[in-house]
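What follows is a short report on a single structure.
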Ligand SMILES: Cc1cc2nc3c(=O)[nH]c(=O)nc-3n(C[C@H](O)[C@H](O)[C@H](O)COP(=O)(O)OP(=O)(O)OC[C@H]3O[C@@H](n4cnc5c(N)ncnc54)[C@H](O)[C@@H]3O)c2cc1C
């Protein structure tokens, strides 16, 4: 049975995506470190002309082999598996741990402050640079297609700071010019619009229904401003209980003050302490089908559902049920920054076909011009990175991939030491290098394991930055005629494995052409938040992380094929025929944790936050990364890099 179902789904199709070590790597302990890129005698796989991570498919993101050294440090087994570290004899002005946007920006700011001859080493445990800002490439029927493996766009709930905006401009990115490159009319002109997929396990039947909202994907919002006509159609089509239909109509069209007698501030204070799911159930008294329908609507922002997002934030997102409360439009205390509307910030938006990997690539080009040919933003999209140039002894800046920092310590007392020694694991061996200063631009949860000399209070604060686990899956399709037949551009699927399925924004830029005809190959994007509804957010993230690390690519692939077959099958989609390649970008350590008024009391009360404690400089070590601002956006990664550079430049 299983075999014939698998054949229908196309699991047997030989495509180059399957990562043969995936299953083993997921469960392997430190004793079996799969240093998969390193042949026995090869200490520099990046020098091979065949080394080109963006074109790899299968399990990407935190790919097999990237996290074993860090997990062995966590488990206390690392030092049993490697010999005595070998001294590289290398001495730098600055060693940066983490080659994401924060680490790359830190290198850029440091050079600006200290001159272009400053010697900098950037270490990253992944096989590609950019951190979450990763590029996925596909070639289907001789057409080149790009996808974003993580960071989607330049966007932020609050306006970019002068520093972050300044860097974007220095890279040659003209954000206001975005409208020249995106064809906003393409999908509407083909009759495509956002829809909701109701699945039979959750709602009794598989059905694709036109969404109430015109916004796309899992942030479809299903906002309070649905037009009467759309709502009427939705109520006629949606496979939800009759009572749920009445309740949905009531939520949208019969505003009620559920807290009469309270001031706006008092109401907001109450909303900050109750989840939106409980508000809908216990305060608005709606049928459970409504709660199920909205459950995943905030996954794309928080990586958890409405059970773990405050009703006050739901109000900020314009979800229904609040009109009758007549709340003062000013943000309430303890609101998550994502939930605070800001018109200026909304206008500052740019989506590149490979997401913010373009920012990472432009930064790398500035740091190591030979690594990415070209001179302008417009030529970066088709430029092929030369990984062999990233780590050359003649270059003042070196990026060393596949290298996990495992120990960072001052040589002597932190207050008076002149140097920091960084030990890193690479290809099953440990090495040391020295620097006058170090910036830890890596994930904060890692830092307590690699920098033992930090004060305990700071280590606790660093450890509390539990990242949000996510899957960003790209599926290359031979065509998207099924989307056209079904009139759908994006799908919100609250009960499915991936809760969002989207045609990418149609952006053509710098010689790169997006798919314009449904008969052409396209990359569709699917999003999953690994969460466990009903528990505190950090606990959900912890369990979700375990889930993502322990699920094989084969299992994920089967779920992807099944989901697409069920959703798009009525439009003629055949997964065995239409899927050309799958890249799952697994991010068990995804978004930076953002404070939440349901679980983080300090966020309502004010005072020093954990990220402020976590990012304090220590001797010659400064701490960057988006975690340092508890804010999951590119601009924060840049802001924190700048602060860290200022701190070490002063020291
Ligand atoms: C799936 C996803 C989508 C996102 N979408 C957006 C978006 O659309 N817009 C937006 O503004 N922001 C978005 N963000 C957030 C944004 O990507 C981040 O805020 C930003 O890129 C973080 O950059 P960073 O350098 O701080 O961290 P990272 O990108 O995480 O880089 C840190 C690097 O350090 C490495 N590292 C960790 N430990 C070690 C070690 N011991 N040794 C060596 N290296 C180590 C990590 O592996 C990683 O490569 C998204 C994030 C995710 C996960």
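The values are calculated or read from the model by the stated rules, or taken from the named source; none is laboratory data. Computed from a predicted model, the values in this text were never measured in an experiment. Note that each Cβ is placed from the backbone with ideal geometry, even for glycine, and that neighbours are counted across all protein chains shown.
Output yes when any residue across the stretch 134-147 is within 13 Å of the ligand (Cβ to nearest atom), farther than 24 Å from residue 389 by Cβ and modelled with pLDDT of 95 or more, and no when none is. Scanning the stretch 134-147 turns up at least one residue that is within 13 Å of the ligand (Cβ to nearest atom), farther than 24 Å from residue 389 by Cβ and modelled with pLDDT of 95 or more.
Just to verify a result, which residue in the stretch 65-80, among those that are out of contact with any strand residue (DSSP E or B) (no Cβ under 9 Å at 6 or more places or on another chain) and free of Cβ contacts under 8 Å to residues at least 60 places away in the same chain, is nearest to residue 445 (Cα to Cα)? That would be 71. The set of residues in the stretch 94-122 that are under 23 Å from residue 354 (Cβ atoms) and near the ligand (Cβ under 7 Å from one of its atoms) comprises 98, 99, 100, 101, 102, 103.
Scanning the stretch 355-385 for residues that are assigned to a loop (DSSP other than H, G, I, E, B), closer than 16 Å to residue 172 by Cβ and in contact with a strand residue (DSSP E or B) (Cβ under 7 Å, 6 or more places away or on another chain) yields a total of 3.
Answer yes or no as to whether residue 564 is in a helix (DSSP H, G or I), away from the ligand (no atom under 16 Å from the Cβ) and crowded, with 24+ Cβ neighbours inside 10 Å.
Taking the combined requirement at face value, the residue satisfies it.
Looking across the stretch 386-415, the residues that are assigned to a strand (DSSP E or B) and within 15 Å of residue 122 (Cα to Cα) come down to 397, 398, 399, 400, 404, 405, 406, 407, 408. Residues that are touching a residue at least 40 places away in the same chain (Cβ under 8 Å) and either more than 29 Å from the chain's Cα centre (by Cα) or farther than 24 Å from residue 252 by Cβ (or both) within the stretch 321-335 comprise 321, 322, 323, 324, 325, 326, 327, 328, 333, 334, listed in sequence order.
As for the stretch 588-607, it holds at least one residue that is part of a strand (DSSP E or B), within 30 Å of residue 482 (Cβ to Cβ) and within 12 Å of the ligand (Cβ to nearest atom). Scanning the stretch 612-631 for residues that are within 16 Å of the ligand (Cβ to nearest atom) and either in contact with a helix residue (DSSP H, G or I) (Cβ under 6 Å, 6 or more places away or on another chain) or under 15 Å from residue 94 (Cα atoms) (or both) yields 614, 615, 621, 622, 623, 624, 625, 626, 627, 628, 629, 630.
Of the numbered criteria (1) modelled with pLDDT under 95; (2) under 21 Å from residue 7 (Cα atoms), the one residue 504 fails is (2). For residue 177, indicate whether it is touching a strand residue (DSSP E or B) at 6+ places or on another chain (Cβ under 9 Å) and without any contact (Cβ under 8 Å) to a residue 24 or more places away in the chain. Yes; evaluated as a whole, the condition is true for this residue.
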